[in-house]
Amino acid sequence: MIITRNDKQEISQLQQCLAKEFEMKNLGGLKYFLGIEVARSKQGIFLSQRKYVLDLLAETGMLDCKPVDTPIVQNHRLGEYPNQVPTNKERYQRLVGRLIYLSHTRPDIAYA
């Protein structure tokens, strides 16, 4: 369970209340949760999925790819290619799901 609040006394009271009903272990400040890295500074709280992205790039064989602003030629016409190897449906669905999850910390990719 993640508890966040500005008032440390209120956090402590809530933890004590919950500890009466449930077995709990305080793991300290949040650093990593569900593949999301959490960093705190004076400027605020920052979320990153760097490791998640690196794992995704490794899975797709794109670790050495070069970033571009537009990953496809503008006005590219989609069509059928008779000699193309069929796409693995399950792999495609898994990768799309992983990209959707990535958009939690990078909403800009939802518009790519």
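Taken together, the values in this text are just the output of simple stated rules run on the coordinates, not laboratory data. These numbers come from a predicted model, not from an experiment. Every residue, glycine as well, gets a Cβ built from its backbone with ideal geometry; the counts of neighbours run over all protein chains shown.
Some observations on this one:
- In the chain, helices alone account for a calculated mean residue ellipticity at 222 nm of -10500 deg cm²/dmol, with every DSSP H run of four or more residues adding -39,500 (n - 2.57).
- HN-Hα J in Hz across segment 96-103 - Karplus 6.51, -1.76, 1.60, θ = phi - 60°, x for Gly and Pro: 5, x, 5, 5, 4, 4, 4, 5
- In the structure shown, the pairs K8/K31; K51/K89; K8/K51 are assessed against 20 Å; a Cα-Cα span above that value is assigned to K51/K89; K8/K51.
- An ellipsoid equivalent to the chain, defined through the eigenvalues of its Cα gyration tensor, has semi-axes of 42, 17, 12 Å when rounded to whole angstrom and sorted largest first.
- What you get for the chain, charging only the Cβ of Lys and Arg (+1) and of Asp and Glu (-1), is a dipole of about 200 debye around the Cα centre.
- Using alpha-carbon coordinates, inclination of helix 50-59 to the longest axis of the chain, degrees: 30
- Computing FRET efficiency as 1/(1 + (r/R0)^6) for S41 and N75, where r is the C-beta to C-beta distance and R0 is 30 Å, gives about 0.10.
- Modelled FRET efficiency - R0 22 Å, V68 with L99, Cβ distances, 0.05 increments: 0.85
- Per-peptide average of other Cβ atoms within 10 Å, ordering 79-92, 13-26 highest first: 13-26, 79-92
- Approximating the spin labels as points 7 Å out from Cα along Cα→Cβ, the M24-to-A110 distance works out to 3.2 nm.
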